[in-house]
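Please read the structure below before turning to the comments.
The values are calculated or read from the model by the stated rules, or taken from the named source; none is laboratory data. Owing to the predicted nature of the structure, the values given are computational and were not obtained by experimental measurement. Glycine gets a Cβ as well: all are built from the backbone with ideal geometry, and neighbour counts include every protein chain shown. These accessible areas exclude ligands, DNA and RNA; they are computed on the full protein's heavy atoms, side chains included. Shrake-Rupley method; radii C 1.70, N 1.55, O 1.52, S 1.80 Å.
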Amino acid sequence: MSTTNEAGYNGLNGDILVWNPILNSAFELSSMGIRVDKTALAHQMEIRNCSEKSKLTFHSMLLNDELPESMGGGIGQSRVCMFMLKKQHIGEVQVSIWEEDKNKLCAKKVLIYSKTILLKYNTLDH
């Protein structure tokens, strides 16, 4: 059966959010949606008055017992690494191909960030 939240929506979600001081904002480490079973899906379509969705591929396969019940989502490994290593961008912890202008922009920002840290370090009493 579905759970009704404060906004009146039905479903269940299990995201893990932390405060990221590097980005100065909330940061999602995981995104986990609980998938519905056949009975819950039929009930949700009924209460939302959208039975036409039963013709959609996922919906029809679940209603016809052609799909297993499952739970989706999980921990974002790159995002956890980014958080633990105090990185500003996910590209700093995973392999990716960037356009040259992005490379130059990021290198410039890292240089500015490094100079700021060095300047702060040099003003501290050692």
Would you mind telling me which numbered condition in (1) under 25 Å from the mean Cα position of the chain (by Cα); (2) modelled with pLDDT under 75 residue 28 fails?
(2)
Output the qualifying pairs, or none if there are none: Cβ atoms under 6 angstrom, residues six or more apart or on different chains, first residue in region 41-55 and in contact (Cβ under 8 Å) with a residue 40 or more places away in the chain, second residue open to solvent by 50 Å² or more (accessible area, probe 1.4 Å).
44/10
Restricting attention to region 46-64, which residues are within 26 Å of the chain's Cα centre (by Cα) and surrounded by 15 or more Cβ atoms within 10 Å (Cβ to Cβ)?
59, 62
